[in-house]
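All remarks here apply to the structure that follows.
The values are calculated or read from the model by the stated rules, or taken from the named source; none is laboratory data. Values in this document were obtained by computation on a predicted structure and should not be read as measured data. A quick note on method: Cβ atoms are made from the backbone with ideal geometry, for glycine too, and the neighbour counts reach across all protein chains shown. Areas reflect the complete protein model, heavy atoms only, side chains present, ligands, DNA and RNA absent. Shrake-Rupley method; radii C 1.70, N 1.55, O 1.52, S 1.80 Å.
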Amino acid sequence: MANGVLNRPVFSAGVVILGALALVCLLFPALAIIAAFSLIGAPIAFAMPIIPPIFIFVVLVRLFNRMLGEGAAFGWLKSFACAAALLAVIPLAVNVMLELRARSYVSKDIDQLKGPLSATTLAVRAAADPGLLRTDTLCNDFCLRALLSGTIKRLIVVEANNVGEAINPAAVGKAFRMERRDACPAMKLGPGAYPIRGEGEKPTYGRAIAADRMLLQIASGNCLVEENAKLGEADTIVSIGQIKHGENAYAAGLNPLADTVQADRISVSVRSDNAYREVYRRTGVVTYMLFPLLLPTYVGGYQFELRTGFQRFALYKNIDSRNKYYVGPDRSDVFTKTFGMNLALRDDAAPKARDAVLVAGLDQPGKINPLMADLTSNFFKDIEANKKIDAADAELVLRLLADSRLPIPQNSWAPVLYSRGMAGDVSGRFGKVLFERLRETKIVITRAIPSGDELDASHAADAIARLPDEVIRLHRDDLEWLARRKMLRIPAFSALGRLNVFGADAVPTLLYLIDDASWSTGRPAGELWQPDYLAGLVGLCGLGIQGASAIGPVFDRLDSGAMVKSGHPYRDLTIQALVGFGSKPEDVWKHLGAGDSEGSPEIKRAQFDAKVAAAQKKRDCRY
């Protein structure tokens with residue numbers, strides 16, 4: 001009966017249709033991504049990856065059925081088994097080959113390391129740290145901790161793309177050590193891509209403990225010295241990194257013979273006479289094996305990348321298989337647990353030492369130590385992370401912000417926000433200092449990397465935006481002055497939204513910002529108009545019912561094209577502002593229109609109504 005079904009014309013026509021669909025699916029995998037983003041297309045997106053393998057399997061079953069003959073007992077079962085066996089031959093052979101190759105990498109692993117790793121001069125041989133900027137020194141978080149803790153006296157960093165190659169004692173790298181001097185060389189420190197998790201340390205936000213500690217050492221005259229050195233000067237060499245690059249499932253695609261073995265290695269070699277002897281080696285291997293049946297479908301890459309290929313699964317050796325996005329060994333665990341090195345930095349006196357260095361730097365006349373800027377930034381980051389500030393810290397922050405020799409840190413908003421309600425009119429003093437720094441700033445806007453003055457203005461404005469209303473009310477003249485400084489108000493636009501604390505009286509100035517936003521490049525060309533425009537629009541939005549007098553002027557500007565009707569966040573903020581003013585939804589729709597977004601008029605109106613409902617429920621002036 002089954003054999004008859006397989007030979008019926010209807011079945012043959014079905015196979016032809018299925019084949020045509022399979023061809024479309026294999027040639028245009030991007031259609032599945034497009035379909036997945038719509039409710040109607042979701043079933044199509046689900047079906048597209050399975051249509052090609054189903055078609056190929058059905059065709060093979062039918063071919064074997066014809067070869068075995070209709071009268072063969074259990075012909076359809078034999079056909080099914082033969083098709084599966086044929087499709088399994090290549091995966092079985094290839095997977096055996098990949099497994100043997102993977103075993104060859106781990107077969108010579110050894111562990112003769114006794115006790116915690118220690119050395120007078122240690123060398124680290126690895127690929128370039130991707131987390132370090134070009135201006136950063138090569139001494140990353142591990143390097144800094146090893147020197148600060150005294151575990152290592154001198155550390156040599158040698159870049160090597162393949163640590164599986166033999167050690168070359170003549171290879172040149174950078175050596176780091178600490179030395180007391182009258183003047184320290186300038187250093188730009190960064191944690192790199194492999195921060196160490198010290199036992200007992202509190203997690204930090206946006207910075208590295210080791211870099212902070214080293215800055216304090218440098219400020220006290222205990223310098224970090226960098227010099228050229230050869231790999232052969234080291235007592236012990238730690239090599240860590242990739243030794244074999246293989247393709248993943250996405251890169252392999254439809255190539256069943258692709259080399260998908262990836263291996264990395266950690267090794268320790270110690271000096272023995274005039275050579276190095278390996279005492280530790282551990283190799284981690286990821287192999288992307290073929291699924292048991294060789295059937296084409298879709299394989300995913302980065303984010304929404306999708307291509308036709310053979311499905312594979314990952315097989316791990318010496319790697320925690322729970323780490324789905326494995327990119328290499330966990331260096332923190334390697335150094336602290338496997339090698340037993342004590343790299344924790346639990347110095348509770350460090351904040352006090354930092355504060356003392358900052359006070360001493362402020363008291364020093366003339367040119368200020370460049371390290372002061374980094375220490376100040378870290379101080380402000382601590383306040384942000386702890387979400388609190390005491391009276392002594394507030395006084396130090398005020399001094400730091402008032403000193404024009406120092407840049408205004410990005411996190412200056414944190415002490416302003418968390419000092420609200422503090423005795424001694426701290427908030428008022430913050431307002432005075434910030435507006436004074438803003439008035440001192442000289443701005444030349446460029447389209448390239450923001451200048452130091454632009455950053456100062458932006459950071460000061462962000463802090464001003466967090467001042468209490470009662471403090472803002474004391475600075476009406478400062479805000480009006482800022483609104484008419486066309487170059488300065490671009491980076492400092494976030495402060496101008498606070499004009500809304502003046503209620504209806506602020507409407508003329510806020511409308512002026514919108515009208516004057518195109519002074520530099522015009523709309524819609526360029527982007528310099530956006531800060532001014534947003535400052536006015538956000539300020540109007542924050543007025544609520546007090547901005548009722550702005551309804552007519554806003555409608556006029558929408559009708560004339562002076563205000564933007566579409567695009568995020570402008571359309572949403574305009575709806576929020578007009579609803580807050582008390583405008584009727586029909587009036588808003590009349591002047592704002594459907595915008596230029598995709599969709600039918602019905603869908604656009606539904607979207608508009610939803611945004612109005614949300615604005616009526618709760619005003620949201622964020623952008």
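Structure summary
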| item | result |
| --- | --- |
| Test: residue in region 338-360 that is in contact with a strand residue (DSSP E or B) (Cβ under 9 Å, 6 or more places away or on another chain), surrounded by 13 or more Cβ atoms within 10 Å (Cβ to Cβ) and either in a helix (DSSP H, G or I) or of a type in the set (Phe, Trp, Tyr) (or both) | yes |
| Hits in region 588-608 (condition: farther than 16 Å from LEU540 by Cβ and in a helix (DSSP H, G or I)) | TRP589, LYS590, PRO601, GLU602, ILE603, LYS604, ARG605, ALA606, GLN607, PHE608 |
| Filter pass, ALA81 being in a helix (DSSP H, G or I), touching a Phe, Trp or Tyr at 6+ places or on another chain (Cβ under 9 Å) and surrounded by fewer than 16 Cβ atoms within 10 Å (Cβ to Cβ) | yes |
| Pairs with Cβ under 6 Å, 6+ apart, first in region 295-316 and open to solvent by less than 60 Å² (accessible area, probe 1.4 Å), second aromatic (Phe, Trp, Tyr) | VAL299/TYR250; GLY301/TYR250; LEU306/TYR298; ARG312/TYR288; ALA314/TYR288 |
| Flag if LEU122 is closer than 30 Å to ARG197 by Cα and either open to solvent by less than 30 Å² (accessible area, probe 1.4 Å) or within 34 Å of the chain's Cα centre (by Cα) (or both) | yes |
| Residue match in region 309-324 (condition: among the acidic types (Asp, Glu) and part of a helix (DSSP H, G or I)) | no |
| Candidate set: region 368-390, residues that are in contact with a helix residue (DSSP H, G or I) (Cβ under 8 Å, 6 or more places away or on another chain) and under 11 Å from TYR418 (Cα atoms); chosen: the one least open to solvent (accessible area, probe 1.4 Å) | ILE383 |
| Residue, farthest from the chain's Cα centre (by Cα), within region 559-579, restricted to residues that are outside any helix (DSSP H, G or I) and without any contact (Cβ under 8 Å) to a residue 40 or more places away in the chain | GLY561 |
| Failed item in (1) touching a Gly at 6+ places or on another chain (Cβ under 7 Å); (2) closer than 26 Å to VAL334 by Cβ, with THR151 passing the rest | (1) |
| Total residues in region 118-140, condition within 15 Å of SER267 (Cα to Cα) and touching a helix residue (DSSP H, G or I) at 6+ places or on another chain (Cβ under 8 Å) | 4 |
| Pick from region 295-334, criterion under 17 Å from GLU247 (Cβ atoms) and of a type in the set (Lys, Arg), ranking: modelled with the lowest pLDDT | ARG307 |
| Sole exception among (1) out of contact with any Ser or Thr (no Cβ under 9 Å at 6 or more places or on another chain); (2) among the aliphatic types (A, V, I, L, M); (3) under 29 Å from LEU488 (Cα atoms); (4) not in a loop (DSSP other than H, G, I, E, B) for ALA392, by number | (3) |
| Every pair of residues 6+ apart whose Cβ atoms lie under 6 Å, when the first sits in region 23-36 and is under 10 Å from MET48 (Cα atoms) and in contact (Cβ under 8 Å) with a residue 24 or more places away in the chain while the second is polar (S, T, N, Q) and not in a helix (DSSP H, G or I) | LEU26/THR308; PRO29/THR308 |
| Per-region count, region 141-164, residues touching a Pro at 6+ places or on another chain (Cβ under 9 Å) and farther than 19 Å from ASP264 by Cβ | 3 |
| Failed item, numbered, when ASP572 is tested on (1) buried (at least 18 other Cβ atoms within 10 Å of the Cβ); (2) over 17 Å from LEU543 (Cα atoms) | (2) |
| Test: residue in region 381-392 that is within 22 Å of GLY221 (Cα to Cα), touching a residue at least 24 places away in the same chain (Cβ under 8 Å) and not assigned by the TED database to the domain that holds ILE152 | no |
| Those residues of region 473-514 which are within 20 Å of GLN546 (Cα to Cα), open to solvent by less than 30 Å² (accessible area, probe 1.4 Å) and small (Gly, Ala, Ser), in sequence order | ALA495, GLY497, GLY503, ALA506 |
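Table: residues versus (1) basic (Lys, Arg); (2) closer than 30 Å to MET187 by Cα.
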{"position": "ASP212", "(1), (2)": "no, yes"}
{"position": "ASP235", "(1), (2)": "no, yes"}
{"position": "ILE243", "(1), (2)": "no, no"}
{"position": "GLY253", "(1), (2)": "no, no"}
{"position": "ARG265", "(1), (2)": "yes, no"}
{"position": "LEU293", "(1), (2)": "no, no"}
{"position": "GLU305", "(1), (2)": "no, no"}
{"position": "ARG312", "(1), (2)": "yes, no"}
{"position": "LEU315", "(1), (2)": "no, no"}
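So that you can scan it fast, the table gives a plain yes or no per residue for (1) part of a strand (DSSP E or B); (2) out of contact with any strand residue (DSSP E or B) (no Cβ under 7 Å at 6 or more places or on another chain); (3) of a type outside the set (Gly, Ala, Ser):
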residue: THR120; (1), (2), (3): yes, no, yes
residue: VAL124; (1), (2), (3): yes, no, yes
residue: PRO130; (1), (2), (3): no, yes, yes
residue: PHE142; (1), (2), (3): no, yes, yes
residue: LEU147; (1), (2), (3): no, no, yes
residue: LYS153; (1), (2), (3): yes, no, yes
residue: ASN161; (1), (2), (3): no, yes, yes
residue: ILE167; (1), (2), (3): no, no, yes
residue: ALA170; (1), (2), (3): no, no, no
